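Just so it is clear, none of the values below were taken in a lab; they were calculated from the coordinates. Remember, predicted model here, so these are calculated numbers, not experimental data. Cβ sites come from the backbone with ideal geometry, for glycine too, and all protein chains shown count toward neighbours.
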Amino acid sequence: MAAKMGSWSFLIGQSTVLAAWVGLNLTPGVPHWDQSPFILLNLVFSFASAYTAPIVLMSQNRQSDIEREKNMTTW
C-alpha cells in the first residue's frame, strides 16, 4: 500500500480528483456540495493523512527489519 501511495499514478489521480472537486464546486449552475473554503475537502485530506502516515511508518519499520536481518546474516 505504501508503494502505491508513493507512486506517480496515485499523485496524478489525487490531483485529478482535487481539480475536479474544486472545479465542480466553483462552476456556476452545478450543485455545490462543498462551498469555498472547501471544509469537506479538508476533512477528506485529513483522513487520508491520518491513514497515510502510519502506513508509511510501518513500511519503513518493515524495511528496517529486513535490512537488519540481512546485515545479521552477512556477519
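How large is the charge dipole for the chain, taken about the Cα centre, if only the Cβ atoms of Lys, Arg (+1) and Asp, Glu (-1) carry charge, to the nearest 20 debye? The partial results should precede the final answer.
Working: 4 positive and 4 negative charges, 24 e Å.
For the chain, the charge dipole is close to 120 debye.
Of the listed values [x] 28; [y] 18; [z] 49, identify the label whose number matches percent of Cα pairs over 21 Å apart calculated from this model.
After the calculation, the listed value that fits is [z].
As an exercise, use a Förster radius of 25 Å and the Cβ-Cβ distance of Gln35 and Ile12 to find the FRET efficiency, rounded to the nearest 0.05.
On the way: r = 27 Å, r/R0 = 1.06.
Given R0 = 25 Å and the Cβ-Cβ separation, E is 0.40.
Can you give the helix-only mean residue ellipticity at 222 nm for the chain, where every DSSP H stretch with n ≥ 4 adds -39500 (n - 2.57) and the sum goes over all residues, rounded to the nearest 500 deg cm²/dmol?
So the calculated ellipticity at 222 nm is -27000 deg cm²/dmol.
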